[in-house]
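Written below as structure tokens is the structure these notes are about.
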Amino acid sequence: MTRPIVIAVDGTAASGKGTLARRLAAHFHFAHLDSGSLYRLTALRILRAHGDLRDEVAAVASARAVVPADAGRYDLRGREIAEGASVVAAIPGVRAELLAWQQHFARDPGAAGAVIDGRDIGTVVCPDATAKLFVDAAPELRARRRRLELEAAGEPASEAAILAEIGARDARDRNRAVAPLLRAPDAALLDTSDLDIDAAFAAALALVRPRIEEALAARQRG
Ligand code: C5P
């Protein structure tokens, strides 16, 4: 079996990693998986049933019932869902339920390669990824970008409240016992604080391109 070609894009909340991952996937004609959507779907099901996000049995059952294709059917961007996702993501059984699907996607993405963004892709889901990025930016800038995004979507919000939310989410993600948010030792750090999205994409591409082109060439040679 040929070795999968995977770009792992991890990073902090609202760092722009999702946009970068999508653009990298389009550039290389790879398939893209937003792994956060799996945790968001897990939280959504519980919130809709007015359940308790901290109830391990309910959260694991919800993760087991996740249909990844549903990510396109629901609006998962809401702040309550983001917060809920980080609560269920700290439950080891939830992560175990979602791991196999993510690894299957990496092995069999239905394209020449996969780009997966999340928090633990380069550390746990695909430790052998072909290329790894860790995306970050100053919290104040992430909060400003998210406020502008929400405003454009017709959901005005206070920047201070967003800053507090992403701070709390990062802290929960960094401090959980299983698969915490951290930069893999072999991940290239991309700080987008001073970069607009085009400059950030150019920087991301420059970091991953040598490894991806080498892997694609090796595959062609057989
Ligand atoms: O990336 P996104 O903001 O959609 O992720 C929502 C939440 O899901 C994160 O705050 C994190 O708690 C969780 N998550 C995770 N591992 C991933 C992807 C997301 O724990 N690979």
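The values are calculated or read from the model by the stated rules, or taken from the named source; none is laboratory data. All values derive from a computational prediction rather than experimental measurement. The area values use the complete protein model at the heavy-atom level, side chains included, leaving out ligands, DNA and RNA. Shrake-Rupley method; radii C 1.70, N 1.55, O 1.52, S 1.80 Å.
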Check your understanding: What residue among Ala204, Ala31, Ala153 has the largest mean-square fluctuation in a Gaussian network model of the chain, using Cα springs under 10 Å?
Key -> Ala153
**Study point:** 10 Å-binned pair-distance histogram of the chain (Cα, whole percent)
**Key:** 8, 34, 37, 18, 3, 0
Practice item. Choose one answer from Ser15, Ser158, Ser62: the residue with the largest mean-square fluctuation in a GNM of the chain with alpha-carbon springs under 10 Å. Key: Ser158
Revision key, fill the gap. Phi-derived 3J(HN,Hα) across region 122-128 with the Karplus relation (6.51, -1.76, 1.60, θ = phi - 60°), rounded Hz, x for Gly and Pro, is x, 9, 10, 6, 9, x, 9
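Keeping every protein chain present and rolling a 1.4 Å probe, give me the accessible area per residue for the chain in Å². Intermediate results must be reported in sequence, preceding the final value.
Details: 10860 Å² over 222 residues.
Each residue of the chain exposes 49 Å² on average to a 1.4 Å probe.
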Check your understanding: Which of Pro185, Pro139, Pro68 moves most in a GNM of the chain, Cα contacts under 10 Å?
Key -> Pro185
Revision key, fill the gap. Amide H contacts under 5 Å for Gly118, restricted to residues at least 5 apart in sequence or on another chain and with H modeled in the peptide plane, are Val9, Asp10, Gly11
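How much of the accessible area of region 77-160, probe 1.4 Å, is carbon plus sulfur, in whole percent? It would help to have the intermediate numbers written out before the result.
Details: 1940 of 3550 Å².
Ligands and nucleic acids excluded, carbon and sulfur give 55 percent.
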Study note, to complete from the structure: For region 109-120, in residue order, the Karplus 3J(HN,Hα) values (coefficients 6.51, -1.76, 1.60; θ = phi - 60°; whole Hz; Gly and Pro = x) are x, x, 8, 5, x, 10, 10, 10, 10, x, 10, 10
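Over region 6-214, what is the relative contact order in percent, taking alpha-carbon pairs closer than 8 angstrom and at least six residues apart? All intermediate terms of the calculation are to be shown ahead of the outcome.
Working: 330 pairs, mean separation 68.5, N = 209.
Reported as a whole number, the value is 33 percent.
With only alpha-carbon atoms in the gyration tensor, what are the semi-axes of the equivalent ellipsoid for region 1-114, in Å, largest first?
Numbers: eigenvalues 133, 50, 27 Å².
Result for region 1-114: semi-axes of 26, 16, 12 Å.
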Review point. Could you give me the ³J(HN,Hα) list for region 176-193, computed from phi with Karplus coefficients 6.51, -1.76, 1.60 and θ = phi - 60°, whole Hz, x at Gly and Pro?
Key: 6, 6, 10, 6, x, 5, 7, 7, 5, x, 9, 8, 7, 7, 10, 9, 9, 3
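Under the rule of -39500 (n - 2.57) per DSSP H run of 4 or more residues, summed and divided by the residues of the chain, what mean residue ellipticity at 222 nm is obtained, to the nearest 500 deg cm²/dmol? Don't skip to the end; give the middle numbers.
Working: 8 runs with 116 residues, N = 222.
Here the helix-only value at 222 nm equals -17000 deg cm²/dmol.
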